Structure formats: structure tokens, C-alpha cells
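The values are calculated or read from the model by the stated rules, or taken from the named source; none is laboratory data. Since the model is a prediction, treat every value here as computed from it, not as a measurement. We place every Cβ from the backbone using ideal geometry, glycine too, and count neighbours over all the protein chains shown.
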Amino acid sequence: MRKIKKQKIYLLALLLPFVMLVIGFELGPLVAMIKNSFYADDGIQVTIDQYTTIFKSKFYLQAIQNSLVISLFAAITSVIIAVIAAYSFTKFSQKIQNRLLMIANMTSNFEGIPLSFSYIILLGNNGLFTLLFSKIGWDVFADFNLYSWTGLILVYIYFQIPLAVMLIYPSYQGIKQQWKEASSLLGGSTLSFWFHIGIPVLLPSIVGTFSILFANAMGAYATAYALVGSNYNLLSLQIASLVSSDVALKPQLGSALGVLLAATMIGAMWFNERMMRRIRRDLR
């Protein structure tokens, strides 16, 4: 009995550095952000004026709306492409599948400032492909503006598709060949198999992946900042501007926006959990 207690104490001691890391770098900043959001600009008076300012300001409401629209569009598009891409992976040999997953893993980590800089070099106003196609008289990028809503969507989708592929791909391993054979013997077509069996099996993974991609896009900062700077009104850019700007420094207002951003992500995760429970219950 004493040996078991000593073992538990030893395991808890090993867990202590991780607990301190979570408290110091996650829970601590979160509590401080929530606390600061209820202070006035002087940092002394307790008030809800920061939230009132946000919901009365068309500028900040536009930032929230823009972030939501871009995140939803990027997440939906990435999930659709990833479902098709992950399915195509399963048609190759195991050796090629492993290599494709390795490439997807590397690509998913290529984001932020390096990714934005690469797109600027290739598709910017003076980018390689822009000038090349213009030189040969093929102005395919004449109406394309990288530093706009379209450009942001394109860049977001680029680094989200590989992540979505890696998250959805394992679900295809759960679809057994015997199920397809049984469906075929019972007179079912390929379309009916995927509609009644395949997609319901994949649905929990698809919903979970969508939730992760949405939260990922909502919180993206470096990519958007390097690409559009302050030319496009996004929630993450406004938070950074309010807490680090030399001109319009308002950390309390930035904290309030941060709380709303966190609430949006928590809401997305809650929706994901509810949908996952309902889908699993229906599958039973």
C-alpha cells in the first residue's frame, strides 16, 4: 500500500512541471485577460464599458464579422478538399501513403510570415507569376489582389488543407472493405454505400476537423499581419494593435476583444462536442 502511494506521489511530482507550465502560460494569462477586460482605460475603475464600446462600434463589429466569415469560408473549403484528398490517399500503396502524409505534415507547418512572404514573392503585385503571365500576355492575375479578402482566403486554405487531411485520413481506415462488399451483395451502389455508411462513419471526424480549422483561422495573426497589415479589419489584428501599439495603446479594450475571441472558440468547441455526441448516438 505504501509502495503504491509513493508511486502516485512520484508520478504527481513528474506531472508538476507540466501543471506549472499550463498555469503560467495558459490559465494565468487567461485570468489576467478576463480581469483586465472589466477595467476602464485608467486600469483602476471596474466597469463593463469596454464591452459596451465593442458592441456599439461598427469598426469592431466589422472586425468580428470579417473574422467569422473568413474562418467559416476557409474551414468549409478546406474540409471539402481534405475529404476528397484523404480519400485519394487511400487508393495508393501504403508506402506512397506514408510519403504523402509526410509531405502533408511538412506543409501544414509552413505558415505565418514565411508563408505570406512566399505568396507575396509569387502572386504579389510584382510577384514572379504575376509578372511572368503579364509578360506573355496572359493576364490571369489581372483582377486578383493578394492583399484582399480573396488573398487571405487563399493563404488560409493553403495551410489548413494539409492539417485537415491529416485529421480526416485516419477515419478512412475505419471503413472496412467487408462493408463495401456486403453493401454490393445486397444490391447497394457505391453512392448509396457512401451516403448511408461511409459518410456517417466519417462525420464525427469531419465535424471535429471543421471545429479545429475554424478556431485555427479565427486566431491566426502572423499570416494575416504579414500579408495585409492593417489594411484589412480582422479581430486578431485589432487585438494586437490595441495591446502593442505605440499610438492607440488600450490593453483593457484589447483584453475585452480577446475574451470575445476566446468565447467564440469555446463556442465552436462546444458545438463540436454536441454534434459529436449526437452523431455517435445516431450511429449506434
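Report, by residue number, each residue of the stretch 242-263 that is free of Cβ contacts under 8 Å to residues at least 60 places away in the same chain, among the small types (Gly, Ala, Ser) and assigned to a helix (DSSP H, G or I).
244, 254, 263, listed by residue number.
For residue 137, state whether it is at positive phi and out of contact with any Lys or Arg (no Cβ under 8 Å at 6 or more places or on another chain).
yes
Name the one entry in 213, 191 that is part of a helix (DSSP H, G or I), assigned by TED's automatic domain parsing to the domain that holds residue 75, buried (at least 17 other Cβ atoms within 10 Å of the Cβ) and not aromatic (Phe, Trp, Tyr).
Answer to the check: 213.
Among the numbered criteria (1) touching a Lys or Arg at 6+ places or on another chain (Cβ under 9 Å); (2) farther than 20 Å from residue 60 by Cα, which single criterion is violated by residue 212?
(1)
What pairs come up if the first residue lies in the stretch 79-91 and is outside the structural domain of residue 177 (by TED's automatic domain parsing) and within 24 Å of residue 215 (Cα to Cα), the second is surrounded by fewer than 17 Cβ atoms within 10 Å (Cβ to Cβ) and acidic (Asp, Glu), and their beta carbons are under 6 Å apart, counting only those six or more places apart or on different chains?
From residues that are outside the structural domain of residue 177 (by TED's automatic domain parsing) and within 24 Å of residue 215 (Cα to Cα), there are no pairs.
Every residue in the stretch 74-123 that is of a type in the set (Phe, Trp, Tyr) and assigned to a helix (DSSP H, G or I), please.
Hits for the stretch 74-123 are 87, 89, 117, 119.
Scan the stretch 32-70 for residues that are in a loop (DSSP other than H, G, I, E, B) and more than 30 Å from the chain's Cα centre (by Cα) and report the count.
Within the stretch 32-70, residues that are in a loop (DSSP other than H, G, I, E, B) and more than 30 Å from the chain's Cα centre (by Cα) number 7.
I need the full set of residues from the stretch 1-40 which are β-branched (Val, Ile, Thr) and touching a helix residue (DSSP H, G or I) at 6+ places or on another chain (Cβ under 7 Å), in order please.
Scanning the stretch 1-40 gives a single hit, 34.
Any idea which of 206, 197 is under 23 Å from residue 92 (Cβ atoms), in contact with a Ser or Thr (Cβ under 7 Å, 6 or more places away or on another chain) and either free of Cβ contacts under 8 Å to residues at least 12 places away in the same chain or β-branched (Val, Ile, Thr) (or both)?
After applying the criteria, what remains is 197.
So if I check each of 266, 239, which one is at pLDDT 90 or above and part of a helix (DSSP H, G or I)?
Only one candidate qualifies: 239.
Could you list, in sequence order, all residues of the stretch 246-266 that are surrounded by fewer than 13 Cβ atoms within 10 Å (Cβ to Cβ) and either of a type in the set (Lys, Arg) or more than 20 Å from residue 48 (Cα to Cα) (or both)?
246, 247, 266
Within the set of pairs 6+ apart or on separate chains, which have a first residue in the stretch 14-33 that is aliphatic (A, V, I, L, M), a second that is modelled with pLDDT of 90 or more, and C-beta atoms under 7 Å apart?
33/255; 33/258; 33/259
For the stretch 114-142, what are the residues that are of a type in the set (Val, Ile, Thr) and at pLDDT below 85?
Residues satisfying the conditions are 130, 136, 140.
Looking at (1) modelled with pLDDT of 90 or more; (2) over 16 Å from the mean Cα position of the chain (by Cα), can you tell me which one residue 29 breaks?
Checking residue 29 against (1) modelled with pLDDT of 90 or more; (2) over 16 Å from the mean Cα position of the chain (by Cα), the one that fails is (1).
For the stretch 216-232, how many residues are outside any helix (DSSP H, G or I) and under 19 Å from residue 259 (Cβ atoms)?
Total satisfying the criteria: 3.
Starting from residues that are of a type in the set (Gly, Ala, Ser) and assigned to a loop (DSSP other than H, G, I, E, B), keep the ones in the stretch 128-145 and report whichever is surrounded by the fewest Cβ atoms within 10 Å (Cβ to Cβ).
137
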